[in-house]
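**Q** Quick one: the structure is below, questions incoming.
The values are calculated or read from the model by the stated rules, or taken from the named source; none is laboratory data. Nothing here was measured: the structure is a model prediction, and the numbers come from that model. Quick reminder, even Gly has a Cβ in these numbers, built from the backbone with ideal geometry, and neighbours come from all protein chains shown.
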Amino acid sequence: MGKTGLHAKIGLIILLIILLVSCSAIKRVPDGKKLLTKSTILVDSAAPKDPRVQNLPVLQPNQRLLTIPLRLHIYNLARPNRDSIYLNWMQENPEGLERRNAILSEKQTMAFGQGLVKFNKWLKRTGEAPSLIDKVAIDKSKERLRAWYWNQGWFNTKVDHNIIDSDRPKRARIEYLVDRGQPYKIDSITTQIATPVIDSLYQLVQSESILKKGEQYFTPDINAERDRLNSYFRNHGAFHMEKDNIRFEGDTVNTNQKANITLIIKDREFKIADSTYSIPYKIHKISEVNIVPDYQNATSSQRPDTLKYEDYNILRFGKRKYKRASLTDAIFFHKGDVYRDIDRDRTYRRITELQSFLYPTINYVADPKDSTGTDLIANVLLTSKKKFEFTYGVETTHSNIQAIGVGLNTSLLIRNLFRGSELLDISFRGNIGASTNAANGDTRFFDLQELGADARLSFPRLFLPFDVDNLIPKYMSPSTNFSVGYFSQTNIGLDKQSLNGALTYNWRQTAIKSTRVDLINAQYVRNLDPGNFFNVYQSSYSSVNNVANDLNIIDPTYVNDAGNLTIPTGTNTFINDAIAGNLGATADQRETLRNVRERRDRLSQNNLIISSSYNWTRNNREGIYDDDFSRFNFRIESAGNVLSGISSLVGIDKNSNNRRRVFGVEYSQYVKTEIDYIKHWQYVNNHVFAIRAFGGIAIPYGNSDNIPFIRSFFAGGPNDNRAWQAYELGPGKTGGLNDFNEANMKLAFNAEYRFPIAGAFKGAVFADVGNIYNVLDSEDDPDAIFDGIEDLEFLALGTGAGLRYDFGFFVLRFDMGFKTYNPALEEGRRWFREFKISRSVLNVGINYPF
């Protein structure tokens, strides 16, 4: 972008800001009304400790951005009755309308007017109407404040208010004065439980009550205790128990700030016609379990084929599609069991996880053969999904390698492959694109090709040679996945082919805790064009070419007519000859060339990685709209140990590099661990503070002295340190000397404050700290190596701000990061030297960074 265009845009933004600020905030405030500028709450003469209290008043001041009520100014730009104004103008100004029709057609004139009306409505919708002081709203606000503290045990709370006029016209602020008085504490808890069997159940768990004598009354505790009891009763056979039947009454009359609580559970009530009857609750058990796997085929005239298996009845209307065990394994209740909500809920979840059925129906009916009225027949009604499901999609891509790419993705899902609710997912993907050649900058049309295929076979159980049901019961939703994949890239980088396969076990201990074990994860990567290394990694080429220029190399064995090293013959020959001491290179120059050669050999070598890993996650987030949660993930991976044992056992000799080869490839051996923690706090008005901490290290040993590129760490990018591009930061204080910088240790810390701006527009300010380092590997550059705690001074700091648009199902994100502390600069110049627009990085991403 030229300076003129940049100045024009900056000028336009400044003009818009001046226009908005110059608009009077009270432009739409009617005479006799006042604009609320501030709302203050004092609780017992002090500011409330809980920030949620500030959000209780119904009447709130207009939202502000940097002290400016931006949305109010946008609203004020709208005309109150734009549609009628334009209509009146057309009726009262026939000459003006005639002149406009001379330029535009009558249809265009009407469309122009409709456009003005729509734009006016958009201004109103995006903006925010002035917050006017209103007696009804004030009374509602006071009642909400009183109820808030009443629910926390301050039963004598009084709320008053003052309206304080501003020095400026039509403006005022409100001050709410809350006097809570003395809190009430629980003095006694008694019961009135009509049904003896329910009273007996209560006595068993009375000591676990959330309500404690001597503690302050708290309505949320009352509700939590009601939920606890309802769940307990329903999980111990009280099928007809409802939460509304569990009540707590408090006596606070003349009790000296003490509350006497009574738990009341009446007998079960039910209606027949217009009459209401009461009967004691009963403990119900299941007398029969009927499973109907193809309920959609059931008709009133057709008799099902009934099969008894274990203690279940399987009723089929049509041919047999599912193995008996695959159906019964998904059911968590049995004949003779006491009814439990938890068994029903687990059954719902497990059947849904099978992905073979639509959402199931489970109903319970009274057993007509039982005269006591306690037996229930459980009916599990299932409707099968289609066996085959085919999907496809087209996408376009862009990256630093591809100027443009067009891809086709297809997937075929086959359900119930072996009649045990297995899933086979076969996918193909292909992409063709145009690249920017790293050597000469030419854009070639569709010279890039990518082709991939994957297959995954999933089983709803663990495939192991021994029984682990006691350790991992079926309510943990265990599953086994076998996967294989192939991927090929040509005319991209070094042209790669990769083959991978994995055997993975998954289970979920609780709703928020899950485990994944990769028993075997094998990956073979082959570089088809290693000679293209110096075309891809231009920084490495520049380092070698600069040494050749310093040595005044003119031999056509090494250089072309322009005096630059040829690729690959010239570069490779020059490096070997110079290191051997044949070209008069200095010790420093030979060291530079030796480092480049080592990097070339490492990044262009083929990789064979066979690893096992363990991954444990705790995530208490409840849906995508939950902004108050934490997530912790721990992962450890070990690679090469099996191959090391086998190769040693069969006597494979080591090569000149003191490495063993399997299938002609030096296999990788290392141990790698990662810890990732994310925490979000949600405040009033959808303000969110989020942090992330990440640490990872991979240590090579045995058959390796470095980590494969595909298993290394990198820093920078839209989900990392946003002041640097991906792969641009580090290692250490080296300053990103290579095109793709990576290392075997990483530290990253992020903090972000998110806030609403207007409508779907959100804003954020952030700080990102982190870097990558080399440790205990083949790297010998001291600037890249982590030697001790003192090297933490080379953690880079990026700060910035972001603008996001929330579409509901995803967020489009724009973040601008500034290099606030750059460890690659000289000491004394690291702070704020690059804190400028020209050195900033614009990140575009989908959804939040963490």
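**Q** Exactly one of these conditions fails for S644: (1) surrounded by 15 or more Cβ atoms within 10 Å (Cβ to Cβ); (2) at positive phi; (3) among the small types (G, A, S). Give me its number.
**A** Condition not satisfied by S644: (2).
**Q** Mind checking which pairs have a first residue in region 223-251 that is at positive phi and a second that is at pLDDT 95 or above and surrounded by 19 or more Cβ atoms within 10 Å (Cβ to Cβ), Cβ under 7 Å, 6 or more apart or different chains?
**A** From residues that are at positive phi, the pairs are G237/H284; G237/Y339.
**Q** What pairs come out if I take residues in region 518-546 that are over 22 Å from T557 (Cβ atoms) and pair them with residues that are assigned to a helix (DSSP H, G or I) whose C-beta lies under 6 Å away, six or more apart or interchain?
**A** Between residues of region 518-546 that are over 22 Å from T557 (Cβ atoms) and residues that are assigned to a helix (DSSP H, G or I), the close pairs are N527/S604.
**Q** Among the numbered criteria (1) under 31 Å from the mean Cα position of the chain (by Cα); (2) over 27 Å from R228 (Cα atoms); (3) in contact (Cβ under 8 Å) with a residue 12 or more places away in the chain, which single criterion is violated by D341?
**A** Status for D341: all satisfied but (2).
**Q** Oh, and also: Please go through region 287-339 and give me each residue that is part of a loop (DSSP other than H, G, I, E, B), at negative phi and in contact with a Ser or Thr (Cβ under 8 Å, 6 or more places away or on another chain), ordered by number.
**A** Residues satisfying the conditions are P293, D294, F317, K321, Y322, A330, I331, F332, F333, K335.
**Q** So in region 297-350, with the set limited to residues that are over 23 Å from H236 (Cα atoms) and of a type in the set (V, I, T), which one is modelled with the highest pLDDT?
**A** I314
**Q** Within the bounds of region 254-272, is there any residue that is of a type in the set (A, V, I, L, M, F, W, C) and assigned to a loop (DSSP other than H, G, I, E, B)?
**A** No, region 254-272 has no match at all.
**Q** Another one. Hey, any hits in region 149-168 for a residue that's out of contact with any His (no Cβ under 9 Å at 6 or more places or on another chain), in a helix (DSSP H, G or I) and buried (at least 19 other Cβ atoms within 10 Å of the Cβ)?
**A** Yes: one or more hits.
**Q** A follow-up question, please. Within region 465-501, can you find the residues that are among the aromatic types (F, W, Y), under 30 Å from F332 (Cα atoms) and not in a helix (DSSP H, G or I)?
**A** F466, F482, listed by residue number.
**Q** Could I ask something else about it? All but one of (1) surrounded by 16 or more Cβ atoms within 10 Å (Cβ to Cβ); (2) part of a strand (DSSP E or B) hold for L583; state the number of the condition that does not hold.
**A** Looking at each condition in turn, L583 falls short on (2).
**Q** Which of the following residues is among the β-branched types (V, I, T), farther than 14 Å from E288 by Cα, in a loop (DSSP other than H, G, I, E, B) and assigned by TED's automatic domain parsing to the domain that holds D294: T347, T372?
**A** Just a single option satisfies the conditions, and that option is T372.
**Q** For a quick check of your reading of the model, give me the residue pairs whose first member lies in region 607-618 and is charged (D, E, K, R), whose second is modelled with pLDDT of 95 or more and in a strand (DSSP E or B), with beta-carbon atoms closer than 6 Å and at least 6 apart or on different chains.
**A** Filtered contacts from region 607-618: R618/K513; R618/F632.
**Q** Cβ-Cβ under 6 Å, sequence separation 6+ or interchain: first residue in region 286-297 and buried (at least 17 other Cβ atoms within 10 Å of the Cβ), partner part of a loop (DSSP other than H, G, I, E, B) and among the aliphatic types (A, V, I, L, M). Which pairs?
**A** P293/L382; Y295/L382
**Q** Is there a residue being touching a strand residue (DSSP E or B) at 6+ places or on another chain (Cβ under 9 Å), assigned to a loop (DSSP other than H, G, I, E, B) and acidic (D, E) anywhere in region 607-626?
**A** yes
**Q** Pairs, please: C-beta under 9 Å, at least 6 apart or cross-chain, first residue closer than 17 Å to I342 by Cα and in region 468-488, second among the acidic types (D, E) and part of a loop (DSSP other than H, G, I, E, B)?
**A** Listed by first residue and then by second, the contacts come to K474/D329.
**Q** Restricting the search to region 236-267, which residues are more than 27 Å from G214 (Cβ to Cβ) and crowded, with 17+ Cβ neighbours inside 10 Å?
**A** Passing the criteria: H236, G237, A238, F239, M241, N245.
**Q** Within region 532-554, identify whether any single residue is in a loop (DSSP other than H, G, I, E, B), modelled with pLDDT under 90, under 36 Å from the mean Cα position of the chain (by Cα) and surrounded by 18 or more Cβ atoms within 10 Å (Cβ to Cβ), and answer yes or no.
**A** Scanning region 532-554, I find at least one residue that is in a loop (DSSP other than H, G, I, E, B), modelled with pLDDT under 90, under 36 Å from the mean Cα position of the chain (by Cα) and surrounded by 18 or more Cβ atoms within 10 Å (Cβ to Cβ), so the answer is yes.
**Q** Tell me, please, whether a residue that is in a helix (DSSP H, G or I), touching a Pro at 6+ places or on another chain (Cβ under 8 Å) and either over 30 Å from A78 (Cα atoms) or assigned by TED's automatic domain parsing to the domain that holds N260 (or both) can be found in region 183-197.
**A** Yes, the conditions are met somewhere in region 183-197.
**Q** Exactly one of (1) assigned by TED's automatic domain parsing to the domain that holds S131; (2) modelled with pLDDT of 80 or more; (3) not β-branched (V, I, T) is unmet by P30. Its number?
**A** Every listed condition holds for P30 apart from (1).
**Q** May I ask you to say which residue of A325, A366 is touching a residue at least 60 places away in the same chain (Cβ under 8 Å) and assigned by TED's automatic domain parsing to the domain that holds E310?
**A** From the options A325, A366, the qualifying one is A325.
**Q** Continuing with this model, one more query. Name the residues in region 350-371 that are surrounded by 14 or more Cβ atoms within 10 Å (Cβ to Cβ), of a type outside the set (S, T, N, Q) and touching a Ser or Thr at 6+ places or on another chain (Cβ under 7 Å), would you?
**A** Scanning region 350-371 gives R350, E353, L354, F357, I362, D367, D370.
**Q** What tally of residues in region 647-680 results from selecting those that are touching a residue at least 12 places away in the same chain (Cβ under 8 Å) and surrounded by 14 or more Cβ atoms within 10 Å (Cβ to Cβ)?
**A** Final tally of qualifying residues: 20.
**Q** Out of curiosity, is R146 in contact with a strand residue (DSSP E or B) (Cβ under 9 Å, 6 or more places away or on another chain) and more than 23 Å from V253 (Cα to Cα)?
**A** No; evaluated as a whole, the condition is false for this residue.
**Q** Can G441 be described as over 30 Å from D626 (Cα atoms), modelled with pLDDT under 85, surrounded by fewer than 16 Cβ atoms within 10 Å (Cβ to Cβ) and not assigned by TED's automatic domain parsing to the domain that holds N564?
**A** It is true that G441 is over 30 Å from D626 (Cα atoms), modelled with pLDDT under 85, surrounded by fewer than 16 Cβ atoms within 10 Å (Cβ to Cβ) and not assigned by TED's automatic domain parsing to the domain that holds N564.
**Q** Give all pairs with beta carbons closer than 7 Å in which a residue from region 562-577 that is in a helix (DSSP H, G or I) meets a residue that is among the charged types (D, E, K, R); count only pairs at least 6 apart in sequence or on separate chains.
**A** I575/R597
**Q** Can you tell me which residue among K746, K762, K819 is closer than 26 Å to Q682 by Cα, among the basic types (K, R) and outside any loop (DSSP other than H, G, I, E, B)?
**A** Exactly one of K746, K762, K819 is closer than 26 Å to Q682 by Cα, among the basic types (K, R) and outside any loop (DSSP other than H, G, I, E, B), namely K762.
**Q** Here's another thing I want to ask about it. Kindly establish whether F239 is more than 23 Å from R144 (Cα to Cα) and within 42 Å of the chain's Cα centre (by Cα).
**A** The answer is yes for F239.
**Q** Could you tell me how many of the residues in region 309-338 are under 37 Å from the mean Cα position of the chain (by Cα), aromatic (F, W, Y) and more than 11 Å from P293 (Cα to Cα)?
**A** Result for region 309-338: 2.
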